[in-house]
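*Asks:* Below is the structure I would like to discuss, written out as structure tokens.
The values are calculated or read from the model by the stated rules, or taken from the named source; none is laboratory data. Values in this document were obtained by computation on a predicted structure and should not be read as measured data. When we count neighbours, we look across all protein chains shown, and the Cβ atoms used for this are built from the backbone with ideal geometry, even at glycine.
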């Protein structure tokens, strides 16, 4: 029998394999990544310039604070988008390339497979978010005199566990219905972002949307990052926010894995692991 | 025990007394679109496999002949743990395919008619990450990937080219290398030479023969090619509309049906030629997907 240590070693090598594969793909599609980065930077600029636009049209606002507020929202939107895209496409991407059956018949645990996808998404998304923040920041005077960057990154990393869990929940959709599933993944991502106060406080939302905001990890991630960057809040001050994010993550990851497992059984029952595209 | 693999510290666990494959009354059904009626259901159930029973001994090569939609690929997918069954049992070296899928996955690999890869990635990259999924580290594959590619007749100097630049025959050789890299003791070949040019086909067949003769691998080969089945297999099975009609040595099969060739034996068994495609069975997986997509 294989020892626990050997099994753990195999699973860790498998996680590394998922990351390795995504690195190869990133290298092969690097100019697409550059193009999407430029597009996201341009899109972020159009949003952040709204702060100056309000002042130019006569509004009395703290422009530096508003531009920083909008920039944080846009960067986190981009970060979440990458995480959801990578994890949601765990199935859709492989089905398109035709490798899905080979991945699903390998002895790698599904949790290890998805952990590899999530780990790559978090690292890639974080690097990309920092690049966008840095590039767009060059265009504005930002309100960062009290910023606690370390605390902001810790909040983002803790929140990423929940985001990965929700990503795994949406990744199951293409297993159940190859095309509609991928479409529903985008819808879920959009809904999550709208209710989470990306460019506005959630207090402005209608009451029914506030309920959704209260259970969205993005709400707490945005609050935490803004508190850290705009007001210099430290990790001690943000204990309750981090606690809620840990709690949501502790629910989302097992729920995501259970849903994915059920989706995989459904796909195997109905013959949906075959190639499409 | 199987022959130790050069790069695996722990070879897959094989229960030596058990047959390589033991399938008893295996059933798999798919739902199929049906014309809407006032009272009847919109879908009907089609048996892709209908009570299939057979055993493959360790080290044996068995070919399964059947038309498109006869159930061959469904059988391979069930044994690969890619489908769940609707009845019966299937064991691989004593491990229940549906209750112990991870144990089975360590023992099995598959080469299908489509050499499925990430097309922008190179052969070496595709093999490298695939090996990781079987717990094989980068240190272990560094020398092994060029060696295995060389063995299947793939030009080593092209291993860093994107797969999309390679011919279909080349891609199929990489698919064979991918399967071999994980040291499977049961190799499932689902029409591995379909669509290949004659030279590539002969090279792939030569390599399959080598795996059979040199290694302690058991091979289940699903094919359309009668000559391939006749020359490579110890026994040949005929499957039609989900039922396994016969499984004997090629000579015994010809004697049983009183024919001179396997093709004639196939016709005698099924009443049909290979040119006639079935519209039943496994193709219904696609039909169902279209309904729900």
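*Asks:* Which one of these is more than 14 Å from chain B (Cβ to nearest Cβ), surrounded by fewer than 20 Cβ atoms within 10 Å (Cβ to Cβ) and within 14 Å of the chain's Cα centre (by Cα): A:161, A:155? Give the derivation first.
*Replies:* Working: A:155 fails: surrounded by fewer than 20 Cβ atoms within 10 Å (Cβ to Cβ).
Within the list A:161, A:155, the selection yields A:161.
*Asks:* Hey, another quick one. Only one of B:102, B:178, B:110 is facing chain A (nearest Cβ under 8 Å), under 23 Å from the mean Cα position of the chain (by Cα) and surrounded by fewer than 16 Cβ atoms within 10 Å (Cβ to Cβ); which? Quick ask: steps written out before the conclusion?
*Replies:* Values: B:178 fails: surrounded by fewer than 16 Cβ atoms within 10 Å (Cβ to Cβ); B:110 fails: surrounded by fewer than 16 Cβ atoms within 10 Å (Cβ to Cβ).
Answer to the selection: B:102.
*Asks:* Something else: If you take the residues in region B:128-154 that are more than 17 Å from residue A:103 (Cα to Cα) and more than 25 Å from the chain's Cα centre (by Cα), which one is farthest from the other protein chains (Cβ to nearest Cβ)? Give the steps one after another, and end with the answer.
*Replies:* Of all residues in region B:128-154, those more than 17 Å from residue A:103 (Cα to Cα) come to B:138-154.
Narrowing the set further to residues that are more than 25 Å from the chain's Cα centre (by Cα) leaves B:138-140, B:142-143.
Working: B:138: 8, B:139: 10, B:140: 9, B:142: 13, B:143: 17 Å.
Of everything passing the filter in region B:128-154, B:143 is farthest from the other protein chains (Cβ to nearest Cβ).
*Asks:* Check every one of the helices (runs of 4 or more DSSP H) wholly within region A:141-240 and list those with 2 or more residues that are within 30 Å of residue A:96 (Cβ to Cβ), touching a helix residue (DSSP H, G or I) at 6+ places or on another chain (Cβ under 9 Å) and at pLDDT below 90. Before the answer, list the steps.
*Replies:* Values: elements: A:149-171, A:173-176, A:178-194, A:207-215, A:217-231.
Those helices (runs of 4 or more DSSP H) span A:149-171, A:173-176, A:178-194.
*Asks:* Does residue B:125 meet the test of being within 11 Å of chain A (Cβ to nearest Cβ), in contact with a helix residue (DSSP H, G or I) (Cβ under 9 Å, 6 or more places away or on another chain) and part of a helix (DSSP H, G or I)? Working first, answer last.
*Replies:* Values: within 11 Å of chain A (Cβ to nearest Cβ): yes; in contact with a helix residue (DSSP H, G or I) (Cβ under 9 Å, 6 or more places away or on another chain): yes; part of a helix (DSSP H, G or I): yes.
Judged against the criteria, residue B:125 is a match.
*Asks:* With respect to residue A:66, is the statement that it is at pLDDT 95 or above, out of contact with any strand residue (DSSP E or B) (no Cβ under 6 Å at 6 or more places or on another chain), assigned to a helix (DSSP H, G or I) and more than 10 Å from chain B (Cβ to nearest Cβ) true?
*Replies:* Values: at pLDDT 95 or above: no; out of contact with any strand residue (DSSP E or B) (no Cβ under 6 Å at 6 or more places or on another chain): yes; assigned to a helix (DSSP H, G or I): yes; more than 10 Å from chain B (Cβ to nearest Cβ): yes.
No.
*Asks:* I'd like to check something: does region A:120-136 contain any residue that is within 14 Å of another protein chain (Cβ to nearest Cβ), in a helix (DSSP H, G or I) and under 19 Å from residue A:29 (Cα atoms)? I'd like the intermediate steps shown before the answer.
*Replies:* Just the residues of region A:120-136 that are within 14 Å of another protein chain (Cβ to nearest Cβ), to begin with: A:120.
Next cut, in a helix (DSSP H, G or I) only: A:120.
From what is left, the residues that are under 19 Å from residue A:29 (Cα atoms) are A:120.
Yes, the conditions are met somewhere in region A:120-136.
*Asks:* Follow-up. So in region B:80-99, with the set limited to residues that are surrounded by 24 or more Cβ atoms within 10 Å (Cβ to Cβ) and over 13 Å from residue A:269 (Cβ atoms), which one is nearest to the other protein chains (Cβ to nearest Cβ)?
*Replies:* Among residues in region B:80-99 that are surrounded by 24 or more Cβ atoms within 10 Å (Cβ to Cβ) and over 13 Å from residue A:269 (Cβ atoms), the one nearest to the other protein chains (Cβ to nearest Cβ) is B:80.
For every residue, the table says whether it meets (1) within 14 Å of chain A (Cβ to nearest Cβ); (2) under 24 Å from residue A:270 (Cα atoms); (3) crowded, with 17+ Cβ neighbours inside 10 Å; (4) at pLDDT 75 or above.
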| site | (1), (2), (3), (4) |
| --- | --- |
| B:10 | yes, no, no, no |
| B:14 | yes, no, yes, no |
| B:53 | no, yes, no, yes |
| B:62 | no, no, yes, yes |
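*Asks:* Here's something else I'd like to know. Answer with yes or no whether residue A:268 is assigned to a helix (DSSP H, G or I), within 14 Å of another protein chain (Cβ to nearest Cβ) and buried (at least 19 other Cβ atoms within 10 Å of the Cβ). Break it down into steps so the answer makes sense when it comes.
*Replies:* Working: assigned to a helix (DSSP H, G or I): yes; within 14 Å of another protein chain (Cβ to nearest Cβ): yes; buried (at least 19 other Cβ atoms within 10 Å of the Cβ): yes.
Judged against the criteria, residue A:268 is a match.
*Asks:* Turning to a different aspect of this structure: Determine which member of the set A:38, A:34, A:48 is touching a helix residue (DSSP H, G or I) at 6+ places or on another chain (Cβ under 7 Å) and assigned to a helix (DSSP H, G or I). Before the answer, list the steps.
*Replies:* Numbers: A:38 fails: touching a helix residue (DSSP H, G or I) at 6+ places or on another chain (Cβ under 7 Å); A:34 fails: touching a helix residue (DSSP H, G or I) at 6+ places or on another chain (Cβ under 7 Å).
Just one listed residue meets the conditions, A:48.
*Asks:* Can you tell me which residues in region A:1-56 are over 22 Å from residue A:87 (Cβ atoms) and at the interface with another protein chain (Cβ under 8 Å from one of its Cβ atoms)?
*Replies:* The answer is A:1, A:2, A:6, A:9, A:10.
*Asks:* Can you name the condition, by its number, that residue A:274 falls short on among (1) within 14 Å of chain B (Cβ to nearest Cβ); (2) in contact with a helix residue (DSSP H, G or I) (Cβ under 9 Å, 6 or more places away or on another chain); (3) in a helix (DSSP H, G or I)?
*Replies:* (3)
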